[in-house]
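Rule-based calculations on the coordinates, nothing more; no lab input. These figures come from a predicted structure and were not determined experimentally. Cβ placement follows ideal geometry from the backbone for every residue including glycine, while neighbour counts extend to all protein chains displayed.
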Amino acid sequence: MERTFLMIKPDGVQRGLIGEIVGRFERKGLKLIASKMMLISPELAERHYAEHKGKSFYEPLIEFTTSGPVFAMVWEGDNVIALTRALIGKTDAVEALPGTIRSDYAVHTRFNLIHGSDSIDNAEREIALFFAPEQLIDYELTI
Ligand code: CMP
């Protein structure tokens, strides 16, 4: 079963959007198998965003990501990576389709509320960065 790493960023936590965002994935029918609120160290933020090192937005992104609590999650389901990215919307809120999280609630490319893994390899890497294997809960959705 496919898994993805989603992280509500400090702006989403500050604006009280955890419930709204989590609810969208729940109502879609996806399965939450791990979650925690946490503060991210600069070292963890740098490892998480390693592919962006050297880009113009990298330093401000690290500063923003470590500026306050985030809500880290692992979700599971068929095509969960593509499905969650569709619900999240494009990185730039101007380009995000109406009805997506970023279109509905974000106005800025950096302060874009939530991160979602973009591939199976990155999902596995990011999940391992944030969660120990025993923190991923194995259960069935029975309804
Ligand atoms: P995320 O999906 O977490 O992946 C990388 C992040 O870098 C992205 O969301 C944005 O927060 C940020 N980002 C990407 N492109 C830009 C940009 N052009 N300007 C500012 N921030 C960006």
Filtered trypsin sites (Lys or Arg not before Pro), the stretch 1-103: DSSP coil and at most 16 other beta carbons within 10 Å: R15, K53, K55, K90
Descending semi-axes in whole angstrom, ellipsoid equivalent of the chain, from the Cα gyration tensor: 22, 18, 14
Lysine pairs meeting the criterion (Cα under 25 Å, 8 or more apart or interchain), as found in the chain: 12
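With helices defined as uninterrupted DSSP H runs, which ones in the chain have an alpha carbon span along their own long axis of at least 18 Å and mean Kyte-Doolittle hydropathy of at least 0.0?
none
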Cleavage-rule hits (chymotrypsin sites (Phe, Trp or Tyr not before Pro)) in the stretch 1-106: DSSP loop, at most 13 neighbouring Cβ within 10 angstrom: F57
